[in-house]
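Please read the structure below before turning to the comments.
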Amino acid sequence: LRSSAKPFQLLPLIESGAADRFGFTDRELAVIAGSHSGEPRHLEAVQSILNKIGIGDEALQCGVHVPFNPEAAKALRAANQNASVLHNN
């Protein structure tokens with residue numbers, strides 16, 4: 001139910017003009033409207049959203065998990081990096 005509600009939760013952002021005010025791209029709106037698998041392009045979109053609204057990733061209280069995308073998870077391990085809240089779908 002949480003994921004199926006995301007597109008509807010996006011509507012007020014668009015209808016209020018906030019999406020235009022912050023200059024969200026189609027890619028950023030797609031991440032807002034759905035889940036992601038932790039691929040670099042997803043992390044870039046999430047980080048860009050946070051930058052545009054002026055908050056850091058510490059504001060996200062979703063928890064941490066490794067990327068759902070197997071290649072992204074493998075790349076994270078190969079780089080000897082830990083997952084962050086940005087990897088959470």
TODO: Give me the accessible area per residue for the chain, probe 1.4 Å, as a whole number in Å².
DONE: 66 Å²
Task: Spin-label model distance (nm) - Ile55 vs Arg2, 7 Å beyond Cα toward Cβ - done: 1.6 nm
Open item on the list: Compute and list, largest first, the equivalent-ellipsoid semi-axes of the chain from the alpha carbon gyration tensor, each √(5λ) rounded to a whole angstrom.
Closed with: 24, 14, 11
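Determine the share of the chain's accessible area contributed by carbon and sulfur atoms, expressed in whole percent, with a 1.4 angstrom probe.
Answer for the chain is 55 percent, counting heavy atoms of protein chains only.
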Task: Exposure ranking of Glu15, Glu71, Glu28 by accessible area [1.4 Å probe, largest first] - done: Glu15, Glu71, Glu28
- [ ] Relative to the longest principal axis of the C-alpha atoms of the chain, give the angle of the C-alpha long axis of helix 40-53, reported between 0 and 90° and rounded to the nearest 10°.
- [x] 40 degrees
- [ ] Can you tell me the 0 to 90 degree angle between the C-alpha axis of helix 2-15 and the longest principal axis of the chain, rounded to 10?
- [x] 40 degrees
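The values are calculated or read from the model by the stated rules, or taken from the named source; none is laboratory data. Quick caveat: nothing in here was measured; it's all calculated off a predicted structure. Cβ coordinates were reconstructed from backbone atoms using ideal geometry, including for glycine residues, and neighbour counts include every protein chain displayed. Just the protein is used for accessible areas: all its heavy atoms, side chains included, with ligands, DNA and RNA removed. Shrake-Rupley method; radii C 1.70, N 1.55, O 1.52, S 1.80 Å.
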